[in-house]
Amino acid sequence: MIVLTLLGRADCHLCEAMLDELGPLVAGRARIEVVDIDEDESLTARYLFEIPVLKYGDEELSCHRLDRDRLAEFFARRSL
């Protein structure tokens, strides 16, 4: 199963909103791994003002708000 990474922080309303919105869109197609950037200095330095960020490996799928079109294209490329 595909693993998508959601980079965020605790008490981030945009992060929580993206996670809630992702649930039904990825059900049965991917698993979401939530990573708190505050637990890694390099992630904090890179993403502090960019969260939430949805990634697949090095590919950034969404930043700040969920890009539904890009996510749909991502799944279409993988026939999911």
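Values quoted throughout were computed directly from the atomic coordinates according to the rules given, and no laboratory measurement underlies them. Quick caveat: nothing in here was measured; it's all calculated off a predicted structure. Neighbour counts run over all protein chains shown; Cβ positions are idealised from the backbone, glycine included.
For residue 3 and residue 29, the difference between the fully extended length at 0.36 nm per residue and the C-alpha to C-alpha distance is 8.4 nm. Taking label positions 7 Å along the Cα-Cβ direction at both residue 72 and residue 48, the computed distance is 3.7 nm, reported to one decimal.
Global size of the range 2-67: 11.0, 33 Å for Rg and Dmax (C-alpha atoms, Rg to one decimal, Dmax whole).
Considering only DSSP states other than H, G, I, E and B, which GluC sites (Glu not before Pro) in the range 24-57 qualify as loop sites with at most 13 other Cβ atoms within 10 Å? Answer in residue order: 50. Across the chain, the relative contact order, built from alpha-carbon pairs under 8 Å that are at least six residues apart, equals 35 percent. Ellipticity at 222 nm from helices only: DSSP H runs of n ≥ 4 in the chain, each -39500 (n - 2.57), divided by the residue count, give -11500 deg cm²/dmol.
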